[in-house]
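*Asks:* Structure provided below as structure tokens; questions to follow.
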Amino acid sequence: MRRREFIAATAATAAMGFAQPTWAETNARSTGAKRLAIFHPTRPPEQLTPEGGYRLYKIYFEELNRLGYIEGQNLIVERYSALGQPGRIADLARQIAASRPDVILPLSGVFIKEMMALTTSIHMVAPTSDPVPFGFSSSLARPDRNFTGVVLDSGLEIWAKRVQLLLEAGRKVTKLGYLTANPIDVTPNPRSRGAGAYIREAAQRSGIAAAFVVIAGKIDRAAYERDWATVIVGGEKVDRTACEQTFAAMEKEGVDGLIVSETADLVLYRQLIADLAARFRIPAIYPYREFVEVGGLMAYGVDTADTMRRVANMTGQVLAGAKPSDIPFYRQTKYELVLNQKAATSLGLEFPATLLTAADAVVD
């Protein structure tokens, strides 16, 4: 039976001078048009469009169009990106706040925090981790700040589910790696009940050693070494070199199965990570379908297409005059298992019938 109860752990003409949206592109100036600002911490503005090559924005704008909001007619869209430079986020938040859009789609928790410190009157709608622990709302049912959206966290058990699926799909694994980037998704105490704890315990139940693998970042290595059989840190910042060094170190340490975290930096480098997993012949399970679409073996996580449709629908409600307090956070309950048959064949694997039957999609 397919199980759905698990989930994890996501302006406009070119640069115009610092007083204007430095990484922005404006496509319309229609009188009376509504104004939407999109912020992304890494993707360039040209990718935040229906034609930008990233299907989730195509889905988002298709839903807005269905609701009657059409860019270039009655909707002005301003696109901003920090281009992978965290130091730009605060400045861009100030620029966007000064431009007073009707609603913002912010794909960054850091940006949301900055914007909340600047204004309570500019509305934001986005996919999000549980907003309550971060102070973005005191309630999911009744948002009490200028933000609402689709919650992607329904429990950490999804990490154990991913371990189970990978072991079901792959050859016998002897050392399982948990791959993250600059470990903002890892709590300061490695013994706490975060994703890593569920992965370690699932590995231990299967008699498998577990490795904590950080592509880039600073950690208390000794603290993690108390709980993990192996600790690997690839570099100082997330880039191609650090990714390649990380996979080379995993091969040296005998890591032969991989659970990939939901960190935004890894999504940005999904093509390289999928390519490296294939080159080093390491079966991996990813959090999002987008990894599988660029050659990754398999993914289990939230249905990102459904998530973006819901976010677009909420955006449309705000553009029509609703406030975030009128729109409860929606906790995503729709998940998908996606398999890549070609990737499995290249690794010498054959998906069992149980996985093929359970899969929502099989990519050739």
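*Asks:* Pairs under 6 Å by beta carbon, first residue within 9 Å of Ala33 (Cα to Cα) in the range 63-80, partner open to solvent by 10 Å² or more (accessible area, probe 1.4 Å) and hydroxyl-bearing (Ser, Thr, Tyr), six or more apart or different chains?
*Replies:* Within 6 Å, the pairs are Leu75/Tyr69.
*Asks:* Related question: On the given criteria, is Val110 on the phi < 0 side of the Ramachandran plot and surrounded by 19 or more Cβ atoms within 10 Å (Cβ to Cβ)?
*Replies:* Considered against the rule, which asks whether it is on the phi < 0 side of the Ramachandran plot and surrounded by 19 or more Cβ atoms within 10 Å (Cβ to Cβ), Val110 comes out as no.
*Asks:* Please enumerate the residues belonging to the range 272-310 that are in a helix (DSSP H, G or I) and farther than 22 Å from Val151 by Cβ.
*Replies:* Across the range 272-310, the qualifying residues are Leu272, Ile273, Ala274, Asp275, Leu276, Ala277, Ala278, Arg279, Val292.
*Asks:* So, one more: Residue check: is Arg94 part of a strand (DSSP E or B) and either open to solvent by 60 Å² or more (accessible area, probe 1.4 Å) or in contact with a Phe, Trp or Tyr (Cβ under 9 Å, 6 or more places away or on another chain) (or both)?
*Replies:* Values: part of a strand (DSSP E or B): no; either open to solvent by 60 Å² or more (accessible area, probe 1.4 Å) or in contact with a Phe, Trp or Tyr (Cβ under 9 Å, 6 or more places away or on another chain) (or both): yes.
When the stated conditions are applied, Arg94 does not pass them.
*Asks:* Among the residues of the range 196-220 satisfying the criterion of being modelled with pLDDT of 90 or more, surrounded by fewer than 19 Cβ atoms within 10 Å (Cβ to Cβ) and of a type in the set (D, E, K, R), which is nearest to Lys172 (Cα to Cα)?
*Replies:* Arg205
*Asks:* How many residues are over 10 Å from Phe147 (Cβ atoms), among the hydrophobic types (A, V, I, L, M, F, W, C) and outside any loop (DSSP other than H, G, I, E, B) when one looks only at the range 113-132?
*Replies:* 2
*Asks:* Follow-up. Could you tell me how many of the residues in the range 224-238 are within 25 Å of the chain's Cα centre (by Cα) and open to solvent by 40 Å² or more (accessible area, probe 1.4 Å)?
*Replies:* The total comes to 3.
*Asks:* Also, I was wondering about something else. Do the conditions hold for Asp326, that is, is it of a type outside the set (A, V, I, L, M, F, W, C) and either modelled with pLDDT of 95 or more or more than 14 Å from Arg55 (Cβ to Cβ) (or both)?
*Replies:* Here the answer is yes, as Asp326 does meet what is asked.
*Asks:* Specify which of the listed residues (Val213, Val238, Val255) is more than 21 Å from Pro41 (Cβ to Cβ) and assigned to a loop (DSSP other than H, G, I, E, B).
*Replies:* None of the others qualify; the one that does is Val255.
*Asks:* Here's something else I'd like to know. Do you know which of the residues in the range 29-84 that are under 21 Å from the mean Cα position of the chain (by Cα) and aromatic (Phe, Trp, Tyr) is most open to solvent (accessible area, probe 1.4 Å)?
*Replies:* The selected residue is Tyr54.
Every residue, every condition in (1) within 16 Å of Ala274 (Cβ to Cβ); (2) touching a Lys or Arg at 6+ places or on another chain (Cβ under 8 Å), yes or no:
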| position | (1), (2) |
| --- | --- |
| Ala320 | no, no |
| Ile327 | no, no |
| Arg331 | no, no |
| Leu337 | no, yes |
| Lys342 | yes, no |
| Thr345 | yes, no |
| Ala359 | no, no |
| Val362 | no, no |
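*Asks:* Within the range 312-325, does at least one residue satisfy the condition of being within 24 Å of Asp265 (Cα to Cα), buried (at least 16 other Cβ atoms within 10 Å of the Cβ) and over 16 Å from the mean Cα position of the chain (by Cα)? Can you show your working first?
*Replies:* Here is the first cut: in the range 312-325, the residues within 24 Å of Asp265 (Cα to Cα) are 312.
Restricting the remaining residues to those that are buried (at least 16 other Cβ atoms within 10 Å of the Cβ) gives 312.
Checking the rest, the ones that are also over 16 Å from the mean Cα position of the chain (by Cα) come to 312.
Yes, that holds for at least one residue.
*Asks:* Identify, by number, the condition in (1) in contact with a His (Cβ under 7 Å, 6 or more places away or on another chain); (2) farther than 16 Å from Met314 by Cα that Met115 doesn't meet.
*Replies:* Result: Met115 passes all but (1).
*Asks:* Before we move on, is Arg100 more than 17 Å from the chain's Cα centre (by Cα) and at positive phi?
*Replies:* yes
*Asks:* Further question: Suppose we filter Pro127, Pro131, Pro143 for residues that are at pLDDT 90 or above and open to solvent by less than 10 Å² (accessible area, probe 1.4 Å); which single one remains?
*Replies:* After applying the criteria, what remains is Pro143.
*Asks:* Quick one: how many residues across the range 113-124 are more than 11 Å from Ala37 (Cα to Cα) and open to solvent by less than 40 Å² (accessible area, probe 1.4 Å)? Let's see the steps before the verdict.
*Replies:* Filtering the range 113-124 for residues more than 11 Å from Ala37 (Cα to Cα) gives 113-121.
Subset that is open to solvent by less than 40 Å² (accessible area, probe 1.4 Å): 115-116, 119.
Number satisfying all stated conditions: 3.
*Asks:* For the range 238-256, does any single residue satisfy the condition of being touching an Asp or Glu at 6+ places or on another chain (Cβ under 6 Å), aliphatic (A, V, I, L, M) and over 16 Å from Gly170 (Cβ atoms)?
*Replies:* For the range 238-256, residues touching an Asp or Glu at 6+ places or on another chain (Cβ under 6 Å), aliphatic (A, V, I, L, M) and over 16 Å from Gly170 (Cβ atoms): present.
The values are calculated or read from the model by the stated rules, or taken from the named source; none is laboratory data. Since we're looking at a predicted model, the values are computed, not measured. Because the Cβ atoms are built from the backbone with ideal geometry, glycine has one as well, and the counts that use them run over all protein chains shown. These accessible areas exclude ligands, DNA and RNA; they are computed on the full protein's heavy atoms, side chains included. Shrake-Rupley method; radii C 1.70, N 1.55, O 1.52, S 1.80 Å.
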